[in-house]
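Only one structure is covered here, and it is reproduced in the block below.
What follows is calculated from the coordinates using simple rules that are stated; it is not laboratory data. As the structure is a computational prediction, the values presented were derived from the model and not from experiment. Here Cβ is always computed from backbone atoms with ideal geometry, including for glycine, and neighbour counts include all displayed protein chains.
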Amino acid sequence: MLKDKSAIAVSSLVKRFDDIVAVDDVTFRVRSGELFGFLGPNGAGKTTTINMLTGLACPDSGMIQICDIDCTNRPRAAQHLIGVVPDESNLYPELTGFENLCFCAALYGIGKPQRRDRAGKLLDTFDLSKAANRRFGGYSRGMKRKLTIAAGIIHKPEILFLDEPTTGIDVASARQLRQIIADLNHAGTTIFLTTHYIEEAERLCDRIAFIVSGRIVRIDTVANLIQPIQAKHVALFSFANAVNDIKDRLIDTFPGLDFSLPGPCMIRAEADESIRVGLLVRYLEDQGAEVKEARRIQPSLEDIFVQITGIEADAMRREKEKPGGGR
Amino acid sequence: MRSWIAFWNILLKDMRTYYLKPPNISWGLVFPLAWTGMFFIKSGSGMGSIPTLLPGVVAVSILFGTTSMLSVTVTFEKKQRSFERLLLAPVPLELLMLAKTSGAILFGSANAFVPVAMAAFLIDLSGVAWETFVPAVFLIAVASTFLGLFIAVAVKEVFEAQTFSNFFRFPMIFLCGLFFPIENLPVFLKPFSYVLPLTYGADILHGAVHGHYAMPFTLSFSLLGIFCIGLFMLSLHNIKKRWII
Ligand SMILES: Nc1ncnc2c1ncn2[C@@H]1O[C@H](COP(=O)(O)OP(=O)(O)OP(=O)(O)O)[C@@H](O)[C@H]1O
Ligand SMILES: [Mg+2]
């Protein structure tokens, strides 16, 4: 894998919709063979960025280069090199799964025997062989996602864009999709993935960009992002009652610890040395808090995300899972 | 070569999923039949009026057949986002839109021959100049398909496309000399006739069926051709501007 060659190079990209700046001066580079993640909440500008990179939208300013092809003024110039899996399945409901795949392959000029062969194999890979001859419109949500991904890779693109591939599908299907994505990447496909699942980004991606309100606030490898908090000790307490008012007393009593409130019935403690959880529980109970659970946790990318963006990961997840939340 | 595989498969898919579906075939048959029947009976002047009515009925069949299909194959697919798939394909936009419209052009041309077949049962059509009639039918189909494309690209909803098409279609029936000669129109309406492509198509059809051309038919053919190119370019421009935002 040539990880030093640029697959995608973007600089100072800007996109406005009337008075909304959807993408605001975004600069990044994705190396060939890399699995690059775009992590951000609703309306951060993830889809708008993908649209500009794939030829569905024109940037207002900035530069886009895909595999050394300058796409700034010719947004469709590199489309033969890319595959796109949009955030919503956009295949033809009246065609069967097999017909949809063959049609998508035909759009890339692939001949009939090869189309049928690849479509059959992909249906196998995605466990959809049994549904091959059923109309796409009758597929379940997870099946639709899988077929949409299959349609995005049937022409063996060098770069694959995946817009929130696992949103709204069950845990088992999501795990299977992540495995398929990892396998594709190992086989050499460069992958640009957007997600709002922090764990997904952490598990899959080589590098991650945090994007908030159209701006990239941080780009780095997962290891580098986590490194500053790796040595930290964290404990999480949850309560049966609200504990908002205890925080100040805790800070006074335990000056070596940092406290935060991830929720109204939760306290998070962070320190450079090991935390004496039992001592804290006794103190909290003396203060009238009903402790439900106390545990030490491994600091994760989530902590860094919250620290850098100020956005609670839980809130982002819930927002997304509301019906219509992810659009 | 690769682009042509895409072209052919887009056409084939549209044929299978839209044009050859029973409701559309029956619409393609019933609609021209209804127009034909209505005018043949209403005119009340017997078989003798058929040659003067036939060109108008043919043109109306093409116009309605083509424009109503584009709102489905383009506006509907845009709305349900499958059109994005086509925009993501490495196929020149011109070829893509030709593929998307060629089904409607064929459908419109086929519609045109429903009233012709009916008339053939009733009168002798051996005097018709087919060598001008057939190309004219094709060009009218192209022009009205591209008019449909222009409308389909300009709107967001399917019902808007239908309403907007009627805004063009119904005046065209009266202004284009399909059923009454343009000379009989009030003076202030005549300029409108001459900016509508169907005027020139209808004139060629009239000439081909009963020999009365109002304009030299080479001029009509050229103008019809210019309308086709103009409408297509305008639609492409709008797609680039409005869809690749
Ligand atoms: N076609 C459009 N017209 C007007 N505003 C738009 C358009 N597309 C996106 N926006 C705005 O641009 C901003 C970024 O939207 P975008 O869809 O890129 O966000 P996202 O990160 O993909 O969000 P989500 O996680 O909900 O998919 C939002 O404020 C959105 O309302
Ligand atoms: Mg999005």
> To the nearest 10 degrees, how steep is helix A:141-153 against the longest Cα principal axis of chain A, on a 0 to 90 scale?
Replying inline: 60 degrees
>> Once each part is reduced to its C-alpha centroid, what is the distance from the stretch A:1-68 to the stretch B:138-172 in angstrom?
In response: 36 Å
>> In whole Hz and in residue order, list the ³J(HN,Hα) couplings for the stretch A:281-287 that follow from phi through the Karplus curve 6.51 cos²θ - 1.76 cosθ + 1.60, θ = phi - 60°; x for Gly and Pro.
In response: 4, 4, 4, 4, 5, 4, 7
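Summing +1 for each Lys or Arg and -1 for each Asp or Glu, what net charge is found among the other residues whose Cβ lies under 13 Å from the Cβ of A:S129? Can you show the working numbers first?
Working: positive: A:K121, A:K130, A:R134, A:K146; negative: A:D124, A:D127.
Around A:S129, the surrounding residues sum to +2.
With the Cα gyration tensor of the stretch A:1-95 giving a ≥ b ≥ c as the square roots of its eigenvalues, does the rule (a/c under 1.5 for rounded; else a/b larger than b/c for prolate; else oblate) give rounded, prolate or oblate? Don't jump to the answer; show the numbers that get you there.
Working: a/c = 1.43, a/b = 1.05, b/c = 1.36.
It comes out rounded by the Cα gyration axes.
Can you put A:T49, B:T75 in order of Cβ neighbours within 10 angstrom, beginning with the fewest? Don't skip to the end; give the middle numbers.
Numbers: A:T49 30, B:T75 26.
So the ranking, lowest neighbour count to highest, is B:T75, A:T49.
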> How far is the Cα center of the stretch B:55-100 from the Cα center of the stretch B:181-244, in Å?
Replying inline: 20 Å
> In peptide A:85-94, what is the residue-averaged number of other protein chain Cβ atoms found within 10 Å of each Cβ?
Replying inline: 4
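What Kirkwood hydrodynamic radius do you get for the stretch A:67-148 when you take the inverse of the mean 1/r over all pairs of distinct Cα atoms, in Å? Please report the intermediate quantities before stating the final value.
Values: mean 1/r = 0.0726 Å⁻¹.
Computed over Cα pairs of the stretch A:67-148, the Kirkwood hydrodynamic radius comes out at 13.8 Å.
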> What's the angle, to the nearest 10 degrees (0 to 90), between helix B:93-122's Cα axis and the longest principal axis of chain B?
Replying inline: 30 degrees
> Amide H of A:R207: which non-local residues (sequence gap of 5 or more, or other chain) have their own amide H closer than 5 Å, using H built in the peptide plane?
Replying inline: A:L35, A:G37
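Report, as a whole number in µm² per second, the diffusion coefficient that Stokes-Einstein gives for the protein assembly as shown at 25 °C and 0.890 mPa s using the Kirkwood radius over alpha carbon pairs.
On the way: Rh = 27.6 Å.
Answer from the Stokes-Einstein relation: 89 µm²/s.
Kirkwood Rh, the stretch A:231-298, all Cα pairs: how many Å?
On the way: mean 1/r = 0.0850 Å⁻¹.
One decimal place: 11.8 Å for the Kirkwood radius.
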> Given H placed 1.01 Å from N in the peptide plane, which residues other than close sequence neighbours of A:T72 have an amide H under 5 Å from its amide H?
Replying inline: A:I64
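Averaged over A:111-119, how many beta carbons belonging to a partner chain fall within 10 Å of each residue's beta carbon? Intermediate results must be reported in sequence, preceding the final value.
Working: counts 3, 2, 0, 0, 2, 0, 0, 0, 0.
For peptide A:111-119, the averaged partner shielding equals 1.
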>> Straight-line reach from A:K121: which lysines fall under 24 Å, measuring Cα to Cα and dropping same-chain residues less than 8 apart?
In response: A:K112, A:K130, A:K144, A:K146, A:K156, B:K13
> Ratio of Rg to Rh for the stretch B:48-159, alpha carbon only, Kirkwood?
Replying inline: 1.09
>> If you average the C-alpha positions of the stretch B:1-34 and of the stretch A:140-183 separately, how far apart do those two centres end up, in angstrom?
In response: 31 Å
> Among A:D117, A:D252, which comes first, then next, by fewest other beta-carbon atoms within 10 Å?
Replying inline: A:D252, A:D117
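Got a sec? How would B:F159, A:F36 order by Cβ neighbour count within 10 Å, fewest to most?
On the way: B:F159 11, A:F36 24.
So the residues, fewest neighbours to most, are B:F159, A:F36.
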> Distance in nm between label sites at B:E131 and A:R295, each 7 Å beyond Cα in the beta-carbon direction?
Replying inline: 8.8 nm
> So how do A:255-264, B:96-105, A:59-68 stack up, highest first, on mean other-Cβ count within 10 Å?
Replying inline: B:96-105, A:59-68, A:255-264
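Inside 10 Å of the C-beta atoms of B:1-13, what's the mean count of C-beta atoms belonging to other chains?
Working: counts 2, 7, 2, 1, 9, 7, 3, 1, 10, 3, 0, 2, 9.
Mean inter-chain Cβ contacts per residue within 10 Å come to 4.
If you count the DSSP beta bridges with both ends in the stretch A:6-226, what percent of them are antiparallel, to the nearest 5? Please report the intermediate quantities before stating the final value.
Details: 23 of 41 bridges.
Percentage antiparallel, nearest 5: 55.
So what is the calculated 222 nm ellipticity per residue for the protein assembly as shown, using -39500 (n - 2.57) for each DSSP H run with n of 4 or more, over all residues, to the nearest 500 deg cm²/dmol? Intermediate results must be reported in sequence, preceding the final value.
Working: 21 runs with 295 residues, N = 572.
One gets -16500 deg cm²/dmol as the mean residue ellipticity at 222 nm.
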> Once you treat every alpha carbon in the stretch B:2-244 as an equal point and sum by Debye, what is log10 I(q)/I(0) at q = 0.09, 0.12, 0.17, 0.18 Å⁻¹?
Replying inline: -0.38, -0.67, -1.26, -1.38
> Among the DSSP beta bridges whose two residues both lie in the protein assembly as shown, what percent are antiparallel, rounded to the nearest 5?
Replying inline: 70 percent
>> Give me the extension gain from A:D124 to A:D220: residue separation times 0.36 nm, minus the current Cα-Cα distance, reported in nm with one decimal.
In response: 31.0 nm
> Under the Karplus relation 6.51 cos²θ - 1.76 cosθ + 1.60, θ = phi - 60°, what is the ordered set of whole-Hz ³J(HN,Hα) values for the stretch A:23-40, x standing for Gly and Pro?
Replying inline: 10, 10, 6, 9, 10, 6, 9, 10, 7, 4, x, 8, 10, 10, x, 10, 10, x
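Hey, what does the equivalent ellipsoid look like for the stretch A:6-226, semi-axes from the Cα gyration tensor as sqrt of 5 times each eigenvalue, largest first, whole Å? Intermediate values should be presented prior to the final figure.
Details: eigenvalues 163, 75, 53 Å².
Value: 29, 19, 16 Å, ordered largest first.
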>> Given R₀ = 45 Å, what would the calculated FRET efficiency be for A:V21 paired with B:Y194, taking r from the Cβ atoms and rounding to 0.05?
In response: 0.40
>> Helix B:50-70 against the longest principal axis of chain B: what's the angle in degrees, Cα atoms only, rounded to the nearest 10?
In response: 10 degrees
